[in-house]
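The values are calculated or read from the model by the stated rules, or taken from the named source; none is laboratory data. Since this is a predicted model, take the numbers as computed values, not measurements. With ideal geometry, Cβ positions are generated from the backbone for all residues, glycine too; neighbour counts draw on all protein chains shown.
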């Protein structure tokens, strides 16, 4: 079992090596993709616009599976549809992309509506570019412009087995194996029970079952967290540091936890954070060193949900 001191030492060693081999995006190209899409401008407050967004998404045959406010003046709405479920079921660990995340955020008195770029996440998760999902999202909410990376990432550098932020950083396939249970039913029941109890400072946002498979994907918020003292593990603590630019990455949230048969797994936080914030520097006021304990805190919270008790 990893001690807190040993973890921090190993993590600092990783930071030094990563900084030495830091990957930088190349020149923009026609195939470059960015993680988020800015939607149309809507009038009203966060609550009013959120309800309107839900209505518009439902009109395009999206199923609203959950919503929550990660912090004041922000709402995340999670949806899915048959195209997303079908693509997720065909791809290795594709369940991590079965939910489309939409955000309504108040920024300097104005409302931003944004959503995960289906082509970006679909490519990263091996689900294809999800053209039908992009078309329906555009019809529902508009598509003013992509954002989240100055130059974007070339499609050929984004897919599973290709994208990683820097040397020694994880790839898509390098998931965290949180807990094994006797069977799928026990695993799902354990996750449901622990989310209902709020273990690890977590909260359930949604559950999506993939048809014809023993796979269930949960959206997990971390509004409180209970990791090591001084750890930045809550949604707000992390976003206060890395989500500082004018166009907000609120749709980065929540995290996905997947029950696949008797296993409970999650994307490694270092991969997931970097994928959604690919231009983030290693150092500086908004750099990864400011959230160096966050991947550990997220893992501990998701382990608790999965039923693994770690002595911190």
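For the reader, a short list of remarks on this structure follows.
- Scope region 115-130; condition in contact with a helix residue (DSSP H, G or I) (Cβ under 7 Å, 6 or more places away or on another chain) and not in a helix (DSSP H, G or I); matching residues: 115, 116, 125, 126, 127, 128, 129, 130
- Count of region 89-110 residues, restricted to those that are touching a strand residue (DSSP E or B) at 6+ places or on another chain (Cβ under 8 Å), at negative phi and either surrounded by 22 or more Cβ atoms within 10 Å (Cβ to Cβ) or not in a strand (DSSP E or B) (or both), is 11.
- Taking the listed residues 86, 134, the one that is in a helix (DSSP H, G or I) and either under 19 Å from residue 155 (Cβ atoms) or under 18 Å from the mean Cα position of the chain (by Cα) (or both) is 134, with no other qualifying.
- Filtering region 226-272 to residues that are more than 16 Å from the chain's Cα centre (by Cα) and within 16 Å of residue 147 (Cβ to Cβ) leaves 244, 245, 246, 247.
- Residues located in region 43-65, provided they are crowded, with 20+ Cβ neighbours inside 10 Å and in a strand (DSSP E or B): none
- Residue list for region 71-88, filter: under 13 Å from residue 121 (Cα atoms) and touching a strand residue (DSSP E or B) at 6+ places or on another chain (Cβ under 9 Å): 84, 88
- Per this entry, residue 93 is counted among residues that are in contact (Cβ under 8 Å) with a residue 60 or more places away in the chain and under 16 Å from the mean Cα position of the chain (by Cα).
- Subset of region 137-150 that is within 17 Å of the chain's Cα centre (by Cα) and outside any strand (DSSP E or B) - its residue that is surrounded by the most Cβ atoms within 10 Å (Cβ to Cβ): 148
- Residue match in region 246-258 (condition: out of contact with any helix residue (DSSP H, G or I) (no Cβ under 6 Å at 6 or more places or on another chain), in contact (Cβ under 8 Å) with a residue 12 or more places away in the chain, surrounded by fewer than 19 Cβ atoms within 10 Å (Cβ to Cβ) and over 25 Å from residue 197 (Cβ atoms)): yes
- Yes/no for residue 133 being within 26 Å of residue 90 (Cα to Cα) and in contact with a helix residue (DSSP H, G or I) (Cβ under 6 Å, 6 or more places away or on another chain): yes
- Residues of region 1-42 that are modelled with pLDDT under 50 and assigned to a strand (DSSP E or B): 22 alone.
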